[in-house]
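Worksheet: the structure to be examined is printed underneath.
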Amino acid sequence: MIPSYTRLTAAATALFLAGAVHVQADTPLGIAYNNQECGLVMFDVYGEFEWPGDYYGDYYGSLCTNPNALVSMYASMYTYCLPEDIEPGLDIMNEWCTEYGEVELLRPSEFAANLTKEAIAALPVYGEGDVEEGSNVTAPFLMSKAVFDVTRRSEHAYDWEQRLHAYYTFACYGFWAIILLFGVVQNITYKIIESRSSYVYTDAEGSGRPINNAKPANIFGRAAAVVRKYVIMPSALPPYHQQRIMGCTIPTRAETFVVASYWIIGIVLGAVNIHGFNGNIFWSGSASQIWRYISDRTGTMSYGNLPLLWIFSGRNNIFLWMTGWSFGTFNIFHRHIARLATLQAIMHSIGYTAYYFCAGYGEYYFLYFAERELWWTLGVSATVVMSFLIIFSFSYFRAKLYENFLIVHIVLSVLLLVFLYYHTAIFDLEDYNYPFILTACVIWGFDRFVRLVRQLYINLHVRRNTVGNGKGGRIQTTKATVTYHEAANILTVDVVPGNAKIFPGPGQHYFLYQPLTIVGWENHPFTLAWWNQTSSSSSTDDDLHLQFWVRPYDGWTKKLVKQCKAKGGSTLTTAPAMLLEGPYGKAEPLHTFDQVLLVAGGSGIAGVLPYLLDYVRRVERGAAAGANGKVPTRTRNITIVWADRSEAFIRFIADGVLAGLLNRPDINVAFHLTGSQPAVADASNIASTASSSTDAVDSPVTPAEDADATVGEKTVQQFDSEKGGVFENTADLNKKSIAAGYRIQAGRPDVLSTVRKLTQSIHGTDARLGVMVCGPNDLADNVRHVVAQNMETTRESIEYFEESFGW
Ligand SMILES: Cc1cc2nc3c(=O)[nH]c(=O)nc-3n(C[C@H](O)[C@H](O)[C@H](O)COP(=O)(O)OP(=O)(O)OC[C@H]3O[C@@H](n4cnc5c(N)ncnc54)[C@H](O)[C@@H]3O)c2cc1C
Ligand SMILES: *[C@@H]1O[C@H](CO)[C@@H](O)[C@H](O)[C@H]1NC(C)=O
Ligand SMILES: *[C@@H]1O[C@H](CO)[C@@H](O)[C@H](O)[C@H]1NC(C)=O
């Protein structure tokens with residue numbers, strides 16, 4: 001089943017593309033083909049002279065209509081050009097005449113009498129310097145062979161480079177097409193495997209399925225297992241992935257491969273096949289030609305990267321659901337493409353500076369600044385803007401000033417598009433502005449449009465059927481209740497969306513807005529932690545409730561706490577005007593695994609609990625199907641390991657959502673209460689990241705060394721500086737909880753041995769283990785590392801899923 005919003009996205013994409021693609025250029029990026037070059041040689045040579053007549057002084061006007069000029073050009077074409085190049089040459093000459101001179105090229109047939117063999121043979125032949133440049137020419141003449149040869153060579157060198165600029169730019173799209181196609185095929189394959197293994201049949205005795213011995217995997221299965229263990233799973237520098245090294249995100253090996261390949265392709269294609277020769281009629285020195293070609297190459301390739309930048313940054317990027325890759329993965333692509341494009345823009349600027357001085361045009365260089373030539377000034381500004389975009393996107397600014405980062409990022413991006421538009425508006429709009437700038441705008445507009453549609457869809461609902469539900473015929477809007485649980489230091493945001501016809505499920509996140517505040521555009525993503533209906537049975541009177549569990553930080557979430565506190569009272573509840581945007585994200589196929597391990601840290605419980613609730617619902621559906629019925633999950637056993645600093649939060653979940661589930665044999669829950677160390681937690685000590693990470697999972701550490709307390713970059717991720725929660729010893733804790741059927745252990749969980757134990761239990765069978773983590777960076781990274789180590793190389797035994805609260 002394709003969710004309705006996916007279909008909506010697809011339909012909107014088609015609509016937008018149909019309206020926007022309006023590229024009518026005869027050649028991509030205005031290049032000339034090989035067989036057109038001979039025609040352009042005529043313009044190069046005869047354009048150097050004046051042709052007194054009707055269009056005197058008008059370059060294309062006289063070249064395209066002056067009989068003396070035309071007879072000279074056609075006579076030279078018939079003498080020197082290959083016969084098959086004459087028609088294509090005439091075509092491009094006519095194209096330039098109509099486009100730049102707004103006159104029609106008079107065709108050779110008009111001068112048939114002057115173009116006979118005899119007439120041509122009777123023409124004078126002039127070589128280099130025989131006629132002074134810029135002098136008035138009043139009779140036709142033939143260029144010498146030597147003049148033709150050097151001009152042809154120069155024209156060819158320039159056009160050949162122009163073609164390479166275009167082809168290499170498109171080769172970059174080819175690269176991404178291959179990568180994305182791979183992702184699509186991979187996604188479809190996973191979906192097929194998933195649909196085959198997503199249910200089992202209960203047998204008549206209800207004794208469940210036998211566990212089979214491992215079937216030896218075929219060569220493909222083994223190869224896939226090895227690739228997953230060594231390439232797809234681990235980070236490029238294990239165990240760093242969510243954690244940063246000196247503020248840098250470390251991608252997985254597969255992501256690193258893609259990104260590194262792109263850098264290599266970008267740099268190599270930006271530098272190869274650049275040749276100059278002495279005596280070129282345009283710029284005689286080699287150096288000036290080389291600088292010019294490098295600049296044009298890098299400039300074009302930089303433009304080429306713009307649409308990619310915008311595609312990969314949107315929330316409604318169709319490749320997100322076509323490939324099943326995460327927003328975080330595309331965000332890594334986005335950032336690296338941006339850096340490469342900026343490097344190319346800087347090279348373009350440096351190259352043009354060098355070119356002007358090498359070619360002896362230094363005076364123009366200063367003149368352009370002095371006269372404030374718009375295309376020139378804005379080109380320089382665009383490079384500066386791009387560089388600032390990169391600088392302001394360093395993770396330091398993203399983490400410290402997310403909202404300001406976003407505003408600056410958007411404003412600079414708009415400026416960039418405007419500047420670049422005017423920079424290349426001196427060319428045909430079809431050459432650069434339509435294919436690159438306009439496309440980027442369309443992609444951006446599309447994302448914003450779909451966001452608006454999603455907001456309208458989920459927040460507004462006009463009730464048509466007013467009978468019987470007591471709610472009257474009116475527009476129903478989203479209602480929200482926010483409660484602050486002070487001891488647990490958690491906000492629960494309970495939202496009744498205006499439109500109940502959505503499909504809540506695990507793995508989804510929504511963006512929350514408070515439209516009536518001064519910064520009403522601000523919106524923050526939160527994972528759907530709990531909901532009260534399995535499907536949109538809108539016939540029931542009960543409203544659909546979506547619940548989000550939010551750990552408050554400094555910005556928007558802190559204001560929510562303030563709003564709750566302002567209401568006072570014992571409950572600290574408020575009902576602000578709130579809007580939803582979503583759902584985004586996708587459910588991982590945990591129900592296709594025989595064993596499931598869910599690891600959560602802090603508010604990360606919101607990311608994994610929906611999978612437990614989903615499991616419970618699936619089992620219920622299986623039970624309802626009766627004997628020999630279809631059970632829509634393979635899972636026999638779910639283990640949850642959750643650590644939090646606040647006992648109140650643990651109890652809130654254990655006695656709330658989990659009540660009644662904790663005694664089931666198929667569900668094992670381990671609660672861990674970790675201590676708090678405010679002094680360390682407040683210090684943003686980046687250096688401690690490295691030291692704390694390696695042993696974080698291996699050894700059950702004392703509460704004082706809690707992962708949350710020692711991890712660096714407090715503000716980047718959301719779990720880090722958790723406050724609240726007083727450490728008690730285990731005995732104290734459990735007196736209270738045994739009665740309720742659960743135990744809270746003190747200290748950090750030993751996830752390593754849990755993974756090992758579960759791995760052992762499936763070893764030698766065909767059962768598979770699914771591990772999902774949602775927690776602090778170092779927790780996630782260590783579990784990823786441990787899982788990669790414990791993967792079998794003979795079959796795909798374990799799969800790792802990560803829900804991160806940041807990108
Ligand atoms: C997919 C996803 C799901 C999430 N689910 C939950 C959840 O269920 N429960 C929960 O407590 N938190 C969740 N978060 C984290 C939550 O979005 C942030 O804690 C919240 O945005 C912080 O807002 P603030 O203004 O109070 O924080 P600040 O103190 O201003 O910033 C805290 C941190 O949050 C980051 N941040 C702020 N706004 C955004 C934003 N719009 N997008 C991305 N990062 C941002 C900042 O860079 C900073 O690192 C989730 C994040 C993502 C990306
Ligand atoms: C060329 O001819 C035009 C008039 O047709 C005249 O104005 C101009 O001065 C001449 N130029 C030269 C260099 O003789
Ligand atoms: C073309 O040929 C005619 C007749 O020979 C001559 O009068 C005329 O000047 C020629 N035109 C050009 C442009 O050479």
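Full-extension gain between ARG621 and GLU373, please, as 0.36 nm times their residue separation minus the C-alpha to C-alpha distance. Show your work: numbers first, answer last.
Working: separation 248, 0.36 × 248 = 89.28 nm, distance 7.06 nm.
Stretched out fully, the ARG621 to GLU373 stretch lengthens by 82.2 nm.
In the structure shown, do any of LYS479/LYS559; LYS400/LYS567; LYS559/LYS586; LYS501/LYS562; LYS191/LYS630; LYS558/LYS586 have a Cα-Cα gap over 22 Å, and if so which?
Details: LYS479/LYS559 18 Å; LYS400/LYS567 29 Å; LYS559/LYS586 29 Å; LYS501/LYS562 32 Å; LYS191/LYS630 19 Å; LYS558/LYS586 28 Å.
Among LYS479/LYS559; LYS400/LYS567; LYS559/LYS586; LYS501/LYS562; LYS191/LYS630; LYS558/LYS586, the Cα-Cα distance tops 22 Å for LYS400/LYS567; LYS559/LYS586; LYS501/LYS562; LYS558/LYS586.
Quick check for you: with a 1.4 Å probe and neighbouring chains kept, what is the accessible area per residue of the range 325-428, in Å²?
Working: 5180 Å² over 104 residues.
Here the per-residue accessible area is 50 Å².
In what sequence, highest mean first, do 394-400, 296-302, 326-332 appear when ranked by Cβ atoms within 10 angstrom?
Result, highest mean Cβ count within 10 Å first: 296-302, 326-332, 394-400.
Indicate the gyration tensor shape class of the range 32-143 (rounded, prolate or oblate), computed on the Cα atoms with a ≥ b ≥ c the square roots of the eigenvalues: a/c under 1.5 is rounded; otherwise a/b larger than b/c is prolate and the rest oblate. Present the calculation step by step, with values, prior to reporting the outcome.
Working: a/c = 1.37, a/b = 1.04, b/c = 1.32.
Rounded, because the longest to shortest axis ratio a/c is under 1.5.
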Quickly work out the GLU99-to-LYS191 label distance, labels modelled 7 Å from Cα along the C-beta direction, and quote it in nm with one decimal.
4.1 nm
Accessible area per residue of the range 32-143 at 1.4 Å probe, in Å²?
49 Å²
In whole angstrom, how far apart do the alpha carbon centroids of the range 399-452 and the range 32-61 sit?
37 Å
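Using a 1.4 Å probe and counting only protein heavy atoms, arrange LYS229, LYS567, LYS559 so the residue with the most accessible area comes first. Provide the component values of the computation, followed by the final result.
Details: LYS229 25, LYS567 130, LYS559 90 Å².
The residues order as LYS567, LYS559, LYS229, largest area first.
Roll a 1.4 angstrom probe over the protein heavy atoms and tell me the percent of accessible area of the range 32-143 that is carbon or sulfur. Let's see the in-between values first.
Working: 2660 of 5430 Å².
Ligands and nucleic acids excluded, carbon and sulfur reach 49 percent.
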Check: C-alpha center the range 158-180 vs C-alpha center the range 220-299, spacing in Å is 14 Å
Quick one: dipole size for the range 32-143, taken about the Cα centre, charges +1 on Lys/Arg Cβ and -1 on Asp/Glu Cβ, in debye to the nearest 20.
400 debye
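The values are calculated or read from the model by the stated rules, or taken from the named source; none is laboratory data. Remember, it's a predicted structure, so these values are computed and weren't measured experimentally. Here Cβ is always computed from backbone atoms with ideal geometry, including for glycine, and neighbour counts include all displayed protein chains. When the accessible area is computed, the model is the full protein with side chains, heavy atoms only, and any ligands, DNA or RNA have been set aside. Shrake-Rupley method; radii C 1.70, N 1.55, O 1.52, S 1.80 Å.
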